[in-house]
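Data first, discussion second: the structure below is written as structure tokens.
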Amino acid sequence: MSKGFRFMFSALLTALLPCLAAGAQGRFPPLAVEISAEHPLFVFQDGNAGGASPGAHGAGAVAHWTQLPEAVRPYSVMLVAASADNYRELLAPFQQSGVPVVARITDESGGGRMPLSRLEDLLSAFTMVRGVEVRGMAFDLYDPALADGEGVLPDVRWLMDTVRLAASYGRFVMLSLEGMAAPRMAANRNTAPLLAVLAECRDYVIPVCMQRGPHTIPAAATLMGLWMTGTVSNWGVAPDARWYADARFREPGVFGPDTSPDRMPAGFYRAMLLNGAMTGAAVYTFTRDRDLWFGATPQPWTLAILPTLQQLIEGGFVARRDFAAKRAPAALQLAPASTPAEFEANLRELDLVHHQGNLILGAYGAERPGQIPELVPNRGDRYWVPVLPAQAPQGSFVSVTRPGAMATAAQWSELLDRHHPPAQTGQAFVTRVGRGVFVMNTRENVIERQAFSIPDLPAPVRGFSARRDGAAVTLSWPFREGDVAYNVFRRVPPETHFTLLAKGLDQRQFTDPAPPVGEQAVAYAVSALTGEKEPLTGEAGYGEFFVFSVVESRIAEEVQLTPLLAFAESVALPGFGDETARITPPMPPLEGAAASLPWWPYYGGLDETQRSAAAEIVARVEAWEGAFSTASLEGVMDLYAQDYKDDSGWGREYARRAWQWFFERCVGHRMHRQIRLWDFSAFEEGRVSVQLYALFTGSPVSDETGWRTGKPVIMPADNIAESWITWAKRDGVWRIVETRPALPNFRDLLGHSTPPGSLPPGPDRYPAAAVPALAPL
């Protein structure tokens, strides 16, 4: 198919999308599960960590389902990985027990796709299967030689057929997308027929943003754009603690190796969930089962996941499309792309890691592009900017901008300020949408308390009392003119969360006929649906993420009765009341660790003279970053002394050629840096060594064929990225005279253009030698 014909085909599909969607919904049966902002769907993966047989795995997942709290069970399904060979044995326990399940029909990388004949058998035989999941599709291949007569690639054709088949049985396809897969799907000319099928079956397709890697904000904004243009009826997010390890965070303030998803503060699960709620995601998928109620590390479930899911249900905090539309007048519409080179125009707007990321930087800000992935936007007054598919109608947006129309991030900022007058809400992210005001600490890896201010929120009910009346307890609270109805809550210490006891009361009194008996204390609280307003100011600490209702007052006071008390009056709760309780406890040990190691610079253990020399070297490292980020070969080489040698004996010209290779093949150069240790033992001889975490990244536009997206280049490739850099003054300037391990290492760079595993990380020697053990110089 010619490029011109594909363009006309895409234009025709753009015009037909609304008609296709309107006509198709009636010919499919109703969706097998309810999904909406008012009734979100929670999907919990059981990954068979014990390696059980398919039947035992299915039975185990059913047992885990029975342990799921009643408060969230009506909104939930389980998720298991099914193959063409094992699905009958695996799914039988779900069918026998009546437990709803989603079956994954690909492997993690998108391979192992279930044949359509097997899929049809699965859908017809197992009515408890509510949907299927497709994972691992990257949409990074553009080669027309591999496409069929309609210009559709084989994996995309399989997905189109899968969506239609699932819709014919009233089931959904959950399309889980990672990284830049969502923008590529929305822009690739070869996926225009797929987008038409998504619109045709919009109630039966759920694209999900897998919250891993450095591109969660542009990925979520793209799925939000699919939803706001009506291409899909619902979309979702997949919170995942592996985001923390992907970011190379050890703990707040510390970057580098030896990281683990288990190190992520539990509160970041809450941030991921609230990001989804404020942008209209109605589906929440959890693929890391060790963090769930039945997993090996259930603390995130107890501390963050379950309380937040309950809050989303109770508060109605998932934004509806009309609420989001009021807050998002401006959008970016992707440019259609037939090659990776053409897609670069979109990356210049969306990718802060390997490109300018003008939209992301201008709309949300960024702390340190590349090294600190942005999970929480740095400002909330602009809400979110949806990213629209290249082929979709622009809808009712006030302003739709194409890539390149804004030459800089500053121009994006000016445009958005015209639609969103800057609000004085403090340092924290604050945004209001639908029924909620979301307040989030914006630091992903730096401990910092951030002030916030909300001008008007429903005023809490205060000054109420509790009195024992025989076996019952009666609550009373004062009159307020703006109150419409009241809700009463109860908790039994040591519980920290309140449970709803009575809802929609129109009287200022309530009697609990069956309070806990015996030696137990009991606490009560009252909220109001009210027009009474008051401002709220405070601080959000690291890992603290709040949402406040704009229709129901928060719980700010409680009254507690002990077995010896017959009467008590309410007292103030600490912090922001029940909202503070939802996000505690943070992780105190991390605060002490981070305080002992500032992320940049670090002068630990140095005297005044040493500190002065170290400050000069710090400036040289910063110059290194500046030269690398601008691909200045002469700037980088100015750091290396003429007598430079690495630990393999290579000299300055070798270093020059390695850096030149990097600059010639990659765009978006980023240096990650952090000082570990200083060594001044050779200071009298004019040498200073510093152990530096130094990671250099870039990305080729495409592979050698020009038809597939290039894979990121990372140096060093050993996943440690720590080198001892020795400096000596040459002509009055500190220059590098030695690096251990070598930096740069040409072998690492060449390994990116050879078959996987053929050139593993190691010293650039022939024949390859073992890597020498590192020790302080």
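Evaluation of Ala717 against the conditions (1) open to solvent by less than 10 Å² (accessible area, probe 1.4 Å); (2) over 21 Å from Lys729 (Cα atoms); (3) among the aliphatic types (A, V, I, L, M) shows that the sole unmet condition is (1). Across the range 47-81, the number of residues qualifying as at pLDDT below 95, within 23 Å of Gly111 (Cα to Cα) and within 26 Å of the chain's Cα centre (by Cα) comes to 3. Against the criterion of being in contact with a Ser or Thr (Cβ under 6 Å, 6 or more places away or on another chain), β-branched (Val, Ile, Thr), open to solvent by less than 70 Å² (accessible area, probe 1.4 Å) and farther than 30 Å from Ser453 by Cα, Thr562 does not qualify. Which ones in the range 632-653 are in contact (Cβ under 8 Å) with a residue 24 or more places away in the chain and open to solvent by less than 30 Å² (accessible area, probe 1.4 Å)? Those that are in contact (Cβ under 8 Å) with a residue 24 or more places away in the chain and open to solvent by less than 30 Å² (accessible area, probe 1.4 Å): Leu639, Tyr640, Ala641, Tyr644, Asp646.
Annotation for the range 231-251: at least one member residue is open to solvent by 10 Å² or more (accessible area, probe 1.4 Å) and in a strand (DSSP E or B).
For (1) surrounded by fewer than 22 Cβ atoms within 10 Å (Cβ to Cβ); (2) among the polar types (S, T, N, Q), each residue gets a yes or a no:
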residue	(1), (2)
Arg118	yes, no
Asp121	yes, no
Glu133	no, no
Ala138	yes, no
Leu146	yes, no
Gly151	yes, no
Pro154	yes, no
Asp161	yes, no
Ser168	yes, yes
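Here Ala84 fulfils each of the conditions (1) open to solvent by less than 40 Å² (accessible area, probe 1.4 Å); (2) of a type in the set (A, V, I, L, M, F, W, C); (3) at pLDDT 95 or above apart from (3).
Do we find that Asp764 is more than 33 Å from the chain's Cα centre (by Cα) and not in a helix (DSSP H, G or I) in this structure? Working first, answer last.
Working: more than 33 Å from the chain's Cα centre (by Cα): yes; not in a helix (DSSP H, G or I): yes.
For Asp764, the condition - more than 33 Å from the chain's Cα centre (by Cα) and not in a helix (DSSP H, G or I) - is met.
Every listed requirement among (1) open to solvent by 10 Å² or more (accessible area, probe 1.4 Å); (2) touching a residue at least 24 places away in the same chain (Cβ under 8 Å); (3) over 20 Å from Phe429 (Cβ atoms) is met by Leu388 save one, (1). In the range 446-461, the condition of being farther than 28 Å from Tyr269 by Cα, assigned by the TED database to the domain that holds Val484 and part of a loop (DSSP other than H, G, I, E, B) is met by at least one residue.
Number of residues in the range 533-551 that are more than 19 Å from Ser453 (Cβ to Cβ) and open to solvent by 40 Å² or more (accessible area, probe 1.4 Å) equals 1. Looking only at residues of the range 429-445 that are part of a loop (DSSP other than H, G, I, E, B) and farther than 22 Å from Pro214 by Cβ, we find that the one that is most open to solvent (accessible area, probe 1.4 Å) is Arg435.
Hey, among the residues in the range 327-372 that are free of Cβ contacts under 8 Å to residues at least 40 places away in the same chain and among the charged types (D, E, K, R), which one's nearest to Gly404 (Cα to Cα)? So, considering only residues that are free of Cβ contacts under 8 Å to residues at least 40 places away in the same chain and among the charged types (D, E, K, R), the one nearest to Gly404 (Cα to Cα) is Glu342.
The values are calculated or read from the model by the stated rules, or taken from the named source; none is laboratory data. From a predicted model like this one, the values you see are computed outputs, not experimental measurements. Cβ: placed from backbone, ideal geometry, glycine included. Neighbour counts: every protein chain shown. Side chains are part of the model used for accessible areas, which takes the heavy atoms of the whole protein and leaves out ligands, DNA and RNA. Shrake-Rupley method; radii C 1.70, N 1.55, O 1.52, S 1.80 Å.
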